[in-house]
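To start, the structure itself, in structure tokens.
Read-outs throughout are calculated quantities, based only on the coordinates presented, and are distinct from any laboratory measurement. Since this is a predicted model, take the numbers as computed values, not measurements. Cβ: placed from backbone, ideal geometry, glycine included. Neighbour counts: every protein chain shown.
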Amino acid sequence: MGLTGPVARAATYGTPTIKLSAGYLSGAVGATGDPTVAVTVAQSGADASALAVTATKSSKGSVAGTADIHLTGTGGSRTVAVTAHAQGYTDLTLKVTGLGGKTATTTLHYAASPAVQHSADARYLTGASDASAAVDAGGGYLLVANDEDNTLRLYDGAASGAPVRTWDLDDALDAAKEVDIEGATRVGDTVYWTGSLGNNKDGAYKADRNTVFTTTLSGSGAATQVAFGSAGHRLRDDLVAWDEANGDRYGFAAATAEGQVPKQVDGFNVEGLEFAPGSTTTAYVGFRAPLVPPRTGGKALLVPVTNLDQVARGAKAAVGTPVELDLGGLSVRDLRRNSLGQYLILAGSWAAEDNSAPYALYSWDGVAGHQPVKVLDLPTADAGGWESIVSVPDLTAPGARVRLITDDGAADLYGDGTEAKDLSHPEWQKSRTTWFTLN
């Protein structure tokens with residue numbers, strides 16, 4: 001006679017799944033706090049805490065091997081970090097092993113840029129490579145413009161990685177192409193931004209570059225929000241007309257003619273914007289080109305626009321007396337004033353980007369006729385060119401530190417001859433922000 005009772009059934013498990021928050025990741029040799037990727041794992045019929053995630057393969061171990069892949073976390077959410085050993089690319093295979101011996105794999109496409117000087121004080125801003133202007137958003141957060149698009153990006157300056165929030169201003173600016181944002185300054189909750197105002201690299205006039213606009217910030221830090229304000233599109237024309245009316249002193253008309261490229265010693269290219277001492281209406285427009293006179297060793301040029309608040313609403317520019325500064329033959333790449341009226345000028349070459357060219361920081365009191373003083377020679381030979389000052393500390397304080405940002409758009413970050421701006425994956429595009437001690 002047979003036995004009766006419940007029949008034992010073997011547990012059944014589905015095939016596990018493994019998903020990445022991004023399939024592409026960039027790191028740097030010797031970096032501190034490189035970006036990470038979130039890993040989500042699951043398996044039907046199993047608790048996610050029972051799943052094991054491992055790195056099983058690297059297509060180029062000299063860049064990063066399986067032992068350089070660090071997996072942390074428990075349950076369904078894990079994190080993967082990678083330590084880079086050499087510049088280049090590698091595909092990293094990650095495997096999840098579930099109950100019942102079932103597995104699944106996924107691939108993380110990894111790119112490593114070379115080591116840089118001051119790496120411990122450097123962080124990488126991913127998602128775009130042509131950082132060109134920035135302002136302090138509070139709480140260690142940075143609002144950064146990119147000269148290849150019209151998107152503002154908010155970054156946590158303490159951590160490498162993607163922006164926490166973005167604002168695409170194409171529609172607000174009614175722009176068909178990039179404004180080529182190159183300068184920015186903040187007054188209260190209003191940020192003024194300027195395009196380069198010059199021709200493009202082929203010497204063609206692009207109307208969208210002739211733009212000055214404002215945004216209004218609300219909140220601060222990670223909670224920062226950005227609203228478009230207003231825009232004007234005549235500053236270039238007004239500066240050319242002013243120069244012609246004053247004896248064509250700086251050659252603006254010739255420099256903006258069709259076929260004239262902006263980055264030459266007698267060119268026309270704006271890269272700095274900051275208000276004059278004690279003013280919220282008069283702003284210094286800082287020129288990368290021309291030098292004055294337009295030859296090696298010439299002085300850097302600032303042109304005061306006395307009604308910038310109205311220019312950003314479309315009014316005709318009122319132009320004051322120009323200021324010529326001895327920056328050792330360098331020109332203005334950025335300038336920034338603090339609440340104490342102290343200025344820092346980021347000085348660099350008028351020429352096209354070359355990371356072997358000299359860069360330096362100069363202090364200044366903002367007064368015409370007073371010459372700036374060099375406070376620091378900046379490191380060169382690393383990828384990218386120094387482009388932006390975020391904010392200025394009290395320059396008299398011992399150990400005062402300043403944060404600078406590079407434009408890496410023309411850099412070959414990964415050793416394959418591809419400029420960063422042309423990389424097909426935004427996760428591989430990046431600029432670098434670094435702290436420097438001034439005294």
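Treating r as the C-beta distance of A352 and V187 and R0 as 35 Å, the FRET efficiency rounds to 0.65. Checking every one of the trypsin sites (Lys or Arg not before Pro) in the stretch 123-183 against DSSP loop status and a limit of 16 other Cβ atoms within 10 Å picks out K177. For the stretch 395-439, the fraction of alpha-carbon pairs lying more than 18 Å apart is 44 percent, rounded to a whole number. Rounded to the nearest 20 debye, the dipole size of the chain about its Cα centre is 1360 debye, using +1 on the Cβ of Lys and Arg and -1 on the Cβ of Asp and Glu. Averaging the sequence gap over all C-alpha pairs within less than 8 Å and six or more residues apart, then dividing by the number of residues, gives the chain a relative contact order of 13 percent. Couplings 3J(HN,Hα) of the stretch 278-285, computed from phi: x, 10, 10, 10, 8, 10, 7, 9 Hz, in residue order, whole Hz [Karplus 6.51 cos²θ - 1.76 cosθ + 1.60, θ = phi - 60°; x for Gly and Pro]. A cut-off of 5 Å between modelled amide H atoms, ignoring neighbours fewer than 5 places along the same chain, links A137 with L142, L143. The dipole here belongs to the stretch 196-301: it is taken about the Cα centre, uses +1 on the Cβ of Lys and Arg and -1 on the Cβ of Asp and Glu, and is about 260 debye. Farthest towards the positive end of the charge dipole of the chain, among the residues L301, A184, S119, is the Cα of S119, using unit charges on the Cβ of Lys, Arg, Asp and Glu. Can you give the percent of C-alpha pairs in the stretch 310-439 whose distance is more than 25 Å? So the pairs more than 25 Å apart make up 36 percent of the total in the stretch 310-439. Reported to the nearest whole Å, the Cα centre-to-centre distance from the stretch 279-358 to the stretch 164-233 is 18.
Here the spin labels are modelled as points 7 Å beyond Cα on the Cα-Cβ line, and at T281 and A120 they lie 4.9 nm apart. Specify which labelled value, from (1) 0.95; (2) 1.10; (3) 1.04, agrees with Rg/Rh (Cα atoms, Kirkwood Rh) derived from the coordinates of the model shown. After the calculation, the listed value that fits is (2). Here the stretch 17-113 has an Rg and Dmax of 13.3, 42 Å, counting Cα atoms alone. Evaluated over the Cα positions of the stretch 329-400, the convex hull gives a direction-averaged projected area, one quarter of its surface, of 5.2 nm². Amide H contacts for S160 (H built 1.01 Å from N in the peptide plane; partners 5 or more residues away or on another chain; cut-off under 5 Å): Y124. The stretch 53-128 and the stretch 390-407 have Cα centres lying 33 Å from one another. Here the Karplus relation 6.51 cos²θ - 1.76 cosθ + 1.60, evaluated at θ = phi - 60°, turns the backbone of the stretch 337-343 into coupling constants of 10, 9, 5, 8, x, 8, 10 Hz, with x for every Gly and Pro. Ignoring lysines fewer than eight residues from K19 along the same chain, the ones with Cα atoms less than 19 angstrom from its Cα are K57, K95, K102. Within the stretch 275-368, the proportion of Cα pairs with more than 16 Å between them is 55 percent. Each of G314, W350, L330 was placed along the dipole of the stretch 295-360 (beta-carbon charges, centred on the mean Cα), and the one lying farthest toward the positive end is G314. With only the Cα atoms considered, the stretch 182-293 has a convex hull volume of 118 Å³ per residue.
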